[in-house]
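The values are calculated or read from the model by the stated rules, or taken from the named source; none is laboratory data. In this text, all values refer to a predicted model and were calculated from it rather than measured experimentally. Counting neighbours? That spans all protein chains shown, and the Cβs are built from the backbone with ideal geometry, glycine included.
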Amino acid sequence: MNFSLKLKEEWIAGAPHAPCCRHAYLRGLFLDAGQTRSGRVVLSLSSAAAKEESARIYRECYKKEVLVGDGGRLFFASGELLEELTKPPVFVCAHCREHFLRGIFVARAGMTDPEKGYRFEIRLRDAENLSLLTETLAVFGWEPIIRTHRGEVSLYFKDSTVMEEILTLTGAHNALFALMNAKINRGIRNDENRATNCVTSNIGKSIRAAGEVLSAIEYIKSIGALGALSPELQKTALLRAEHPEATLPELAALHNPPITKSGLSHRLHKIIEIAGEWPEKEN
């Protein structure tokens with residue numbers, strides 16, 4: 001079962017019991033419904049769970065059966081339902097609006113598995129319902145990205161914080177935890193990548209620095225100027241030439257007596273500086 005289907009089942013499991021919220025929920029389920037010439041309400045849903053839920057809540061509210069047509073379309077022969085769908089939804093209590101959205105999400109929403117990316121999308125077949133949906137979302141401070149393609153309208157969010165708020169409001173706690181865990185895991189991976197990049201960068205700098213020191217030592221030796229260095233710099237130059245792969249701490253420990261890493265760095269920089277001051281050997 002994909003992530004969106006699990007999410008729909010979680011929303012369905014939290015369907016309301018209060019009569020006012022149940023009607024708001026039904027209104028959301030039927031937001032994108034159509035009408036036949038005979039006056040029946042027709043609902044086309046891709047999710048089997050959404051179809052079953054729409055039929056169940058309809059039976060509870062109107063005590064009538066549902067007709068299943070070609071392509072899994074559902075037909076509802078209820079004048080009361082048809083009349084209700086022509087009017088703006090009525091939100092009686094403080095929870096009606098969130099259950100209205102829950103109904104819309106069961107029928108029309110989908111969410112990408114957060115381990116793969118962040119995207120929460122609502123698709124409408126009828127653009128006339130767009131303003132009602134965006135106005136309801138705006139009450140909670142949510143402004144979706146809107147795209148239209150071949151008559152269908154897509155509203156989606158890619159902000160994981162907004163997605164957390166939506167899942168919290170609609171009681172989808174399992175999906176919320178999955179999203180939060182994915183964000184934590186992604187943060188850990190990003191931290192590991194940054195650390196790896198930092199280590200790689202430092203290794204590169206160390207290699208370049210070691211190469212620069214070795215080149216300076218070879219140049220000083222080639223012009224016969226090694227003896228002109230102070231005893232301390234001579235010792236360091238010879239040790240570096242003998243142990244080109246040694247790290248700074250290892251090279252510092254090879255001195256007798258051992259010197260500090262900062263002391264070694266100072267000597268190596270001094271060798272490079274002196275090599276740069278002496279003129280090239282004439283042929």
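Quick notes
- Condition check for VAL92: assigned by TED's automatic domain parsing to the domain that holds ARG27, of a type in the set (Val, Ile, Thr) and in a loop (DSSP other than H, G, I, E, B): yes
- Taking the criterion of being touching a Phe, Trp or Tyr at 6+ places or on another chain (Cβ under 6 Å) and loosely packed, with under 14 Cβ neighbours inside 10 Å, the only residue of segment 144-169 that qualifies is ILE145.
- Candidate set: segment 122-143, residues that are surrounded by fewer than 16 Cβ atoms within 10 Å (Cβ to Cβ) and not in a helix (DSSP H, G or I); chosen: the one farthest from the chain's Cα centre (by Cα): ASP126
- With respect to the stated conditions, ARG119 fails to be without any contact (Cβ under 8 Å) to a residue 40 or more places away in the chain, surrounded by 13 or more Cβ atoms within 10 Å (Cβ to Cβ) and in contact with a helix residue (DSSP H, G or I) (Cβ under 6 Å, 6 or more places away or on another chain).
- Among residues of segment 258-281 that are under 18 Å from ALA228 (Cβ atoms), those with a beta-carbon under 9 Å from a residue that is among the β-branched types (Val, Ile, Thr) and modelled with pLDDT of 85 or more at least six positions away or on a different chain give the pairs ARG267/THR236; ARG267/ILE259; LEU268/THR236; LYS270/THR236; ILE271/THR236.
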